[in-house]
1. How many residues are crowded, with 17+ Cβ neighbours inside 10 Å, of a type outside the set (A, V, I, L, M, F, W, C) and touching a strand residue (DSSP E or B) at 6+ places or on another chain (Cβ under 7 Å) when one looks only at segment 112-139?
2. Provide a single number: the residues in segment 290-306 that are more than 19 Å from the chain's Cα centre (by Cα), outside any loop (DSSP other than H, G, I, E, B) and in contact (Cβ under 8 Å) with a residue 12 or more places away in the chain.
3. For segment 270-289, state whether one or more residues are over 24 Å from Tyr394 (Cα atoms), touching a Leu at 6+ places or on another chain (Cβ under 6 Å), crowded, with 20+ Cβ neighbours inside 10 Å and in contact (Cβ under 8 Å) with a residue 40 or more places away in the chain.
4. Mind telling me which of the residues Trp269, Trp295 ends up being within 25 Å of Asp248 (Cβ to Cβ), among the hydrophobic types (A, V, I, L, M, F, W, C) and in the same structural domain as Phe198 (by TED's automatic domain parsing)?
5. Counting just the residues of segment 185-220 that are among the small types (Gly, Ala, Ser) and surrounded by fewer than 21 Cβ atoms within 10 Å (Cβ to Cβ), which one comes out nearest to Asn240 (Cα to Cα)?
6. Any chance segment 101-111 includes a residue that's under 30 Å from Gly47 (Cβ atoms) and in contact with a helix residue (DSSP H, G or I) (Cβ under 7 Å, 6 or more places away or on another chain)?
7. For segment 228-246, enumerate the residues that are surrounded by fewer than 21 Cβ atoms within 10 Å (Cβ to Cβ) and touching a residue at least 40 places away in the same chain (Cβ under 8 Å).
8. Taking segment 39-81, which residues are among the β-branched types (Val, Ile, Thr) and more than 30 Å from Gly354 (Cβ to Cβ)?
Amino acid sequence: MEQLAWWQKTIVYEAYPKSFLDTEGAGTGTLQGIIQKLDYLASLGVGAIWLTPVYCSPMKDNGYDIANYYDIDPRFGTMDDMDQLIAEAEKRNIRIVMDLVMNHTSDENPWFIESSSSKESEKSNWYIWQDAKEDGSEPTNWRGVFGGSTWTWCESRRQYYYHTFAEFQPDLNWECEEMRRELYRMARFWLDKGLGGFRIDAVVYIKKRPFEDAVPDTPDSMADITLLGSNIPGILDFLNEFKHEVMDGYDAFTVAEANGVKPEELPDWVGDTGVFDMLFEFNHMDVAMGKNGAWYKPARWKLPDLTSALTASQTATAQNGWYPIYFENHDQARAVSQFFPRAVNTTAASKMFGCVLMTLRGTPFLYQGEELGYLNVAWSSIDCYDDVSSYNQYDLALQAGKTEEQALACVHLHSRDNARTPMQWDASENAGFTTGTPWLPIHDDYQTCNVEVQSTNPNSVLEWYRSLAQLREDLPVLIEGDYEELLPGDEHIYAFSRTNGSEKAVILANFAERFVPYDTTLAEGLTVALSTHGNHTPGSLQPFEAVIWRN
């Protein structure tokens, strides 16, 4: 077998810095907070930490609106803090990975300020500008990801500018070579500091389709850009240029956020023939999401919907490419709450998801709090939420005829704020996250669900993740082995094997909250390495039980 790269053999931990640990008492996390917890992350077997954006930003979209790519926002610390984080992490064999937002910037970025000042400015073409229609209205009827038109009027230029997301996030014009060269220079600036790679945000939107009206398909009689504006032909030309101009020569990886990429398209996107090392696609997560991403349209899914999506991605990357395994991130609700909103034994369900996460072929991406079995919040009013997409989806639900109570229930289930509540370190006030007022409320379960409590409980979700990390280290087949689904179409058990020559592991995960029998020949000749429920009874899986066998 071809020698694997370092990032194929490790576990990546996504830290949401704003909610990780506050060392200043300001209510928001800091880089120094991450430095203080590096040993904790090392105890999880983590070899890379992905930071969501810490660049200078107005923080209207929690850092995904970048005002200055070349500096750290003072709320998180300084460039010296970043350099220290990279150095201290390296001492523990951990690499730092940064979010790279290249589809758009903040409207407070000097690039945009100059571009918007005049049609004759030096950066006039760095963003996308269009004249109004004859009646003065927007150039198209497209609806942005966060709601409203994708166009905003700029009085100084007497033109509209384009934004896939919010109006304060104008899209960069990738057709402009000068702009692309500056993005590449910026990315190399960070790689030269010793980064281990980039997670690349919203990259499927960088190539634009012709600006023409489309058939309305949302309650506000607009055309949803998520169905119109991604993966436009020609995008791979830009991304191949990025790969060669930026990544060549660095021992670093790229993982792209690329919703809408189908499994059969993965060879163009990942591996030796692709533009990235790994790619986050959403097919397995979308089974629990409303139709076309609308939260108010309930998802009715069965286990084969999930397992067939996972198997399709595993198969597509089996010979060429590598898969980033995930069930949670900063844009997703907590997995147990999203897939099993009425589950009683949520601890068992959390462990079961962890088992699948850590044993599929690929690099596990673990999101902060996932290792503690975090669940969704359910705040009493939409006004309690910070997430811009939650307000957008709430309004869409009301426009679709839902009551306020029903619209809020949709937010409870899918809001991105579910993943952004502060990290719970102990049972003290504010869960040990801050001595000030937290920017987002602490989850009300913090006294029983925190790192300190779970570190002393051998049956906790946290200790289960530590056991899984150790097993991955002890069993090379879990990293190097081939994948095969064993019970395709089963509506209760997700069963798969990992094989590498004479080495073999079999994983069975019961997605039902009841006892389910299984054929013991699936693991014949193997011994139990780990079970979520401790002692396993052959022939039957307990509710949400997952078992790993080995030879």
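The values are calculated or read from the model by the stated rules, or taken from the named source; none is laboratory data. Bear in mind the structure is a predicted one, so any value in this text is a computation, not a measurement. Cβ placement follows ideal geometry from the backbone for every residue including glycine, while neighbour counts extend to all protein chains displayed.
1. Here is the first cut: in segment 112-139, the residues crowded, with 17+ Cβ neighbours inside 10 Å are 112, 115-116, 123-124, 126-129, 138-139.
Adding the requirement that they be of a type outside the set (A, V, I, L, M, F, W, C) leaves 115-116, 123-124, 127, 138-139.
Narrowing further to those that are touching a strand residue (DSSP E or B) at 6+ places or on another chain (Cβ under 7 Å): 115-116, 127, 138-139.
The qualifying residues number 5.
2. Initial filter on segment 290-306 (more than 19 Å from the chain's Cα centre (by Cα)): 291, 296-305.
Restricting the remaining residues to those that are outside any loop (DSSP other than H, G, I, E, B) gives 291, 303-305.
Next, from what is left, pick out any that are in contact (Cβ under 8 Å) with a residue 12 or more places away in the chain: 303-305.
Count: 3.
3. Taking every residue of segment 270-289 in turn, at least one turns out to be over 24 Å from Tyr394 (Cα atoms), touching a Leu at 6+ places or on another chain (Cβ under 6 Å), crowded, with 20+ Cβ neighbours inside 10 Å and in contact (Cβ under 8 Å) with a residue 40 or more places away in the chain.
4. Numbers: Trp295 fails: within 25 Å of Asp248 (Cβ to Cβ).
One residue alone meets the criteria, Trp269.
5. Of segment 185-220, the ones among the small types (Gly, Ala, Ser) are 187, 194, 196-197, 202, 214.
If we keep only those that are surrounded by fewer than 21 Cβ atoms within 10 Å (Cβ to Cβ) as well, we get 194, 214.
Details: Gly194: 22, Ala214: 30 Å.
The selected residue is Gly194.
6. Going residue by residue through segment 101-111, those that are under 30 Å from Gly47 (Cβ atoms) are 101-103.
With in contact with a helix residue (DSSP H, G or I) (Cβ under 7 Å, 6 or more places away or on another chain) added as a condition, the list becomes 102-103.
Looking through segment 101-111, at least one residue is under 30 Å from Gly47 (Cβ atoms) and in contact with a helix residue (DSSP H, G or I) (Cβ under 7 Å, 6 or more places away or on another chain).
7. Leu228, Phe238, Glu241, Glu245, listed by residue number.
8. Restricting attention to segment 39-81, the residues satisfying the condition of being among the β-branched types (Val, Ile, Thr) are 46, 49, 52, 54, 66, 72, 78.
Within segment 39-81, Ile66, Ile72, Thr78 meet the criteria.
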